[in-house]
Amino acid sequence: MDEACAHEQDRADDLGRLREAFCFPYASGKDGETLLYFCGNSLGLQPVGVASAIEQELQKWSSQAVEGHFMPPEPWFRYHELLRDGMASLVGAMPHEVVVMNSLTVNLHLLMISFYRPTSARYKIVIEEGAFPSDRYAVGSQARLHGYAPEEAVLRWSPRAGEDLLRIEDLADILDKQGDQIALLMLGGVHFYTGQWLAMREIVKMGHAAGCLVGFDLAHAAGNVPLSLHDWDVDFAAWCSYKYINSGPGGVAAAFVHEKHTQDPSLLRLAGWWGNDPDKRFAMEESFVPVASADAWQLSNAPILSMAALRASLDVFAQASMEALRDKSVRLTGYLEFLLEQMPASSYTQITPKDPNQRGAQLSIRVHTGARDLQQKLQEAGVICDVRRDVIRVAPAPLYNRFHDVWHIVQILRGILHGS
Ligand SMILES: *Cc1c(COP(=O)(O)O)cnc(C)c1O
């Protein structure tokens, strides 16, 4: 397919207008030229509206100081509530099942405090082999917190020898053999490295049938693939907002707790004043009365500046439906796959599943030739994407990447790998 075809697809793209809502990094030394950005799975681009959203809070702070907690516009006391609906709609949750707070790994721990309650009979946790290191550390240390050795308590769901992807039959097998000892399945919805999107709904069903709770890390899924956390009966989930959700470095994260659990007053959770009933928050009473929503997991008062950035980002998402975004994403990533397939098959292996229903925006590509200089050459060509040894992860983000960007990066890759 030629360049004209890429342009043609961009012209027909209704979401193309949203590209203007983002700031693109510039190539150094090249006058005004922007970089080809394919790293939205690592750090999303800055929405143009972020600066004024933060400026508004700085103004409020300078002019109202402590009164800003209760004075309009948008009192800080309830600021996190402004993010609830937008975030809930991205993950298919009821608004009261979602809270924006802390960072991702912190939220995983807070949720496991509530949902990993091992007993002598049921104390194991299943994670996927090659899970993001932070998740492995979190799960391992939770096991230790309860007196179990991670080597014994943490089970790995692994790809078969010589394969990269996880097979659901193998999870079924683990559950068949050890299900009655497993307390929790704690899995990545979309795998950060391979880009594999797990069959989340099916996994929840399998886990529950075996008597386990099921939680997901949605770092690479939220804002990327359509999710229905409530309907799928997911017990809990956590995700960061700085990847596909574009809230900025270290941006405030989110958590989901299914309503069947938020209504359970007996559930153990670590408590702080922001999880208390808002009407009692400033009463400084002895007793803790958890809000009957995911808000009950909040500990501290909210990081307003970070939340202002997230708010500006959610405003961009509000201009497109998740269905439209997903539709473009499937076509954009499909186009990337199609163009790569025009390269000699001997030059690369696509690790990410071929089936669009088993992946989001990202394709992970293992190159067979030229891996050594790949990163440097991509950089010189003005491309930003993630390179780990011989695997590159290319993530066209439907909010701001064009079909032409996809055409362009494949031209560059072809040049690097084949000199043509
Ligand atoms: C990005 C990512 C993290 C990062 O965790 P932080 O607590 O936000 O630093 C953790 N887990 C997964 C799966 C990720 O993709």
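The values are calculated or read from the model by the stated rules, or taken from the named source; none is laboratory data. None of these values were measured; they are calculated from a predicted model. Cβ: placed from backbone, ideal geometry, glycine included. Neighbour counts: every protein chain shown. We work out accessible area using only protein heavy atoms, side chains counted, and drop any ligands, DNA or RNA first. Shrake-Rupley method; radii C 1.70, N 1.55, O 1.52, S 1.80 Å.
Side notes on the structure shown:
- Helical runs (DSSP H, four residues minimum) scored at -39500 (n - 2.57) apiece and divided by the length of the chain put the mean residue ellipticity at 222 nm at -10500 deg cm²/dmol.
- Whole-Hz ³J(HN,Hα) from phi, Karplus 6.51 cos²θ - 1.76 cosθ + 1.60, for the range 31-46, glycine and proline x: 3, x, 7, 8, 7, 7, 9, 10, 10, x, 7, 10, 9, x, 5, 7
- Given charges at Cβ of Lys, Arg, Asp, Glu: the range 372-411 dipole, positive-most of Ile392, Leu378, His404: Ile392
- For the chain, carbon and sulfur atoms together expose 53% of the accessible surface, with a 1.4 angstrom probe and every protein chain in place.
- Placing +1 on each Lys and Arg Cβ and -1 on each Asp and Glu Cβ, with no other charges, gives the chain a dipole about its Cα centre of roughly 660 debye.
- For the range 54-317, the number of Lys pairs with C-alpha atoms closer than 29 Å, counting only pairs eight or more positions apart or on separate chains, is 11.
- Assigned charges on the beta-carbon of Lys, Arg, Asp, Glu; the range 252-366 dipole about Cα centre (debye): 460
- Highest to lowest packing among 318-325, 352-359, scored as the average C-beta count within 10 Å: 352-359, 318-325
- Nitroxide proxy distance, nm - points 7 Å out along Cα→Cβ at Gln64 and Ala345: 6.3
- Once the Cβ-Cβ distance of Phe24 and Leu267 is raised to the sixth power relative to R0 = 56 Å, the FRET efficiency obtained is 0.80.
- Rounded to 5, the percent of DSSP beta bridges in the chain classed as antiparallel: 55
- Projected over all directions and averaged, the alpha-carbon convex hull of the range 54-317 occupies 14.4 nm².
- Listed by chain and number, the lysines placed with their C-alpha closer than 26 angstrom to that of Lys30 are Lys377; residues fewer than eight positions away on the same chain are left out.
- Listed peptides 410-419, 43-52 appear in the order 43-52, 410-419 once ranked by packing, highest mean of other Cβ atoms within 10 Å at the front.
- Derived scalar couplings ³J(HN,Hα) [the range 11-16; Karplus, 6.51 cos²θ - 1.76 cosθ + 1.60; whole Hz; x for Gly, Pro]: 5, 7, 8, 5, 7, x
- For Tyr148, distant residues with modelled amide H under 5 Å away: none
- Per-residue packing, averaged as other Cβ atoms within 10 Å, sorts the ranges 182-192, 336-346 into the order 182-192, 336-346, beginning with the highest.
- The slack in the chain from Asp355 to Arg201, taken as 0.36 nm per residue of separation less the alpha-carbon distance, amounts to 53.8 nm.
- The mean accessible area for residues of the range 54-317, using a 1.4 Å probe and ignoring ligands and nucleic acids, is 40 Å² per residue.
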